[in-house]
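S.K.: Pasting in a structure now, in structure tokens, and then I'll have a few things to ask.
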Ligand SMILES: C[S@@+](CC[C@H](N)C(=O)[O-])C[C@H]1O[C@@H](n2cnc3c(N)ncnc32)[C@H](O)[C@@H]1O
């Protein structure tokens with residue numbers, strides 16, 4: 001099966017159609033990210049840089065390393081973000097992460113593309129890339145407890161979200177301390193701290 005091709009020119013319209021609370025999700029990710037006053041940030045699945053831009057605006061001292069599988073989305077991120085504060089790399093989040101250590105690892109609407117074991121494995125590698133006292137901010141689709149709370153269409157091929165409880169358990173297994181920062185219907189923002 002051909003992989004979904006992300007297009008930065010239609011991305012905002014796609015988000016507006018499929019994830020009506022996308023901008024609220026970005027606001028919550030940016031607030032959770034800024035709360036730790038990080039200066040070194042890794043964004044996994046940075047896409048066209050729209051959420052990273054919000055985070056960098058909130059943190060004028062911070063520098064950000066962004067990873068994404070899509071060359072097209074990265075080209076848009078390059079055009080959007082301050083090149084003095086940003087480094088971008090094409091790559092998959094299943095592959096080894098940049099070494100760090102980072103004050104903050106963030107990921108918005110990307111981790112749900114991994115299956116359960118893939119998420120658990122990623123969370124362990126994120127924990128290793130964080131400095132002690134650092135935090136992981138995950139903003140993503142979740143499988144809600146009440147099926148009536150499903151808003152975003154899921155194909156169960158490229159989109160494989162997990163429940164919030166499963167993800168909290170995998171974060172704890174990665175020896176991070178997770179807390180739900182915000183949840184609304186099938187969206188959640190989790191902050192997971194490393195001791
Ligand atoms: C919904 S967009 C989110 C972009 C951005 N984080 C935001 O907040 O708007 C998902 C992004 O994840 C990237 N992506 C999906 N699976 C990936 C993977 N396994 N490794 C790296 N990037 C991936 C896609 O290329 C796309 O840019």
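Here, each number is a calculation from the coordinates, and none is a lab measurement. These numbers were taken from a predicted model, which means no experiment stands behind them. Cβ placement follows ideal geometry from the backbone for every residue including glycine, while neighbour counts extend to all protein chains displayed.
S.K.: Considering each of 178, 161 in turn, give the residue that is touching a strand residue (DSSP E or B) at 6+ places or on another chain (Cβ under 6 Å), closer than 17 Å to residue 44 by Cα and free of Cβ contacts under 8 Å to residues at least 60 places away in the same chain.
M.R.: Matching residue, one of 178, 161: 161.
S.K.: Just checking, does the stretch 43-60 include any residue being in a loop (DSSP other than H, G, I, E, B), touching a strand residue (DSSP E or B) at 6+ places or on another chain (Cβ under 8 Å) and more than 9 Å from the ligand (Cβ to nearest atom)?
M.R.: yes
S.K.: So residue 86 passes all but one of these: (1) out of contact with any strand residue (DSSP E or B) (no Cβ under 6 Å at 6 or more places or on another chain); (2) away from the ligand (no atom under 11 Å from the Cβ); (3) more than 17 Å from residue 125 (Cα to Cα). Which condition number does it fail?
M.R.: Unmet for residue 86, out of (1) out of contact with any strand residue (DSSP E or B) (no Cβ under 6 Å at 6 or more places or on another chain); (2) away from the ligand (no atom under 11 Å from the Cβ); (3) more than 17 Å from residue 125 (Cα to Cα): (1).
S.K.: Among the numbered criteria (1) under 17 Å from the mean Cα position of the chain (by Cα); (2) in a helix (DSSP H, G or I), which single criterion is violated by residue 105?
M.R.: With respect to (1) under 17 Å from the mean Cα position of the chain (by Cα); (2) in a helix (DSSP H, G or I), residue 105 is out only on (2).
S.K.: If I filter the stretch 1-42 down to residues being within 14 Å of residue 103 (Cα to Cα) and in a helix (DSSP H, G or I), which single residue comes out as nearest to the ligand (Cβ to nearest atom)?
M.R.: 33
S.K.: I'm trying to understand the selection: among the residues of the stretch 86-102, which are within 25 Å of residue 24 (Cβ to Cβ) and in a loop (DSSP other than H, G, I, E, B)?
M.R.: Answer for the stretch 86-102, where residues must be within 25 Å of residue 24 (Cβ to Cβ) and in a loop (DSSP other than H, G, I, E, B): just 93.
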